[in-house]
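Structure first, then comments.
The values are calculated or read from the model by the stated rules, or taken from the named source; none is laboratory data. What you see is a predicted model, and the numbers here were worked out from it, not measured in a lab. A quick note on method: Cβ atoms are made from the backbone with ideal geometry, for glycine too, and the neighbour counts reach across all protein chains shown.
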């Protein structure tokens with residue numbers, strides 16, 4: 001066996017033995033019947049909310065949904081656990097105003113660092 005192959009096997013074994021999981025929390029903002037009543041002031045509050053999450057290191061990614069009927073957008077959160085993520089999503093201004101419904105789920109991140117969960 002070549003040194004490069006041994007190195008890859010050892011790295012793979014090390015990655016698989018790690019007990020830590022990288023998790024993000026996905027907050028899907030589903031449109032409600034009053035979604036079309038959103039005004040500019042509320043959009044500004046929403047953007048300020050996203051900025052605050054970003055400033056606090058809790059925002060991984062966010063964006064508007066294109067081509068998914070009934071979905072306004074998504075927020076990927078960094079949180080200690082799903083309960084914290086739910087509390088954060090409850091504070092989202094569009095959800096607080098009743099124009100969106102927040103649906104939260106857990107995403108186990110697959111990346112180079114954890115060998116894509118292999």
> Can you tell me which residues in the range 35-69 are surrounded by fewer than 12 Cβ atoms within 10 Å (Cβ to Cβ), over 18 Å from the mean Cα position of the chain (by Cα) and in a loop (DSSP other than H, G, I, E, B)?
Replying inline: 39, 67, 69
> From 23, 59, which residue is closer than 20 Å to residue 115 by Cβ and modelled with pLDDT of 95 or more?
Replying inline: 23
>> Just to be sure I understand the filter: pairs with C-beta atoms under 8 Å, separated by 6 or more residues or on different chains, first member in the range 75-89 and at negative phi and touching a residue at least 40 places away in the same chain (Cβ under 8 Å), second member in a loop (DSSP other than H, G, I, E, B) and surrounded by 14 or more Cβ atoms within 10 Å (Cβ to Cβ). Which pairs pass?
In response: 75/92; 77/58; 78/58; 79/58; 85/79; 88/58; 88/79
>> Filter the range 97-118 down to the residues that are without any contact (Cβ under 8 Å) to a residue 24 or more places away in the chain and either under 30 Å from residue 39 (Cβ atoms) or touching a strand residue (DSSP E or B) at 6+ places or on another chain (Cβ under 8 Å) (or both) and list them by number.
In response: 117
> Mind checking which residues of the range 85-110 are surrounded by 13 or more Cβ atoms within 10 Å (Cβ to Cβ) and in a helix (DSSP H, G or I)?
Replying inline: 85, 86, 88, 89, 93, 94, 95, 96
> Among the residues of the range 60-107, how many are touching a helix residue (DSSP H, G or I) at 6+ places or on another chain (Cβ under 7 Å) and under 14 Å from residue 21 (Cβ atoms)?
Replying inline: 2
> Which number in (1) surrounded by fewer than 18 Cβ atoms within 10 Å (Cβ to Cβ); (2) modelled with pLDDT of 95 or more marks the one condition that residue 113 misses?
Replying inline: (2)
> For the range 33-59, which residues satisfy the criterion of being out of contact with any helix residue (DSSP H, G or I) (no Cβ under 9 Å at 6 or more places or on another chain), under 19 Å from residue 88 (Cβ atoms) and in contact (Cβ under 8 Å) with a residue 12 or more places away in the chain?
Replying inline: 50, 57
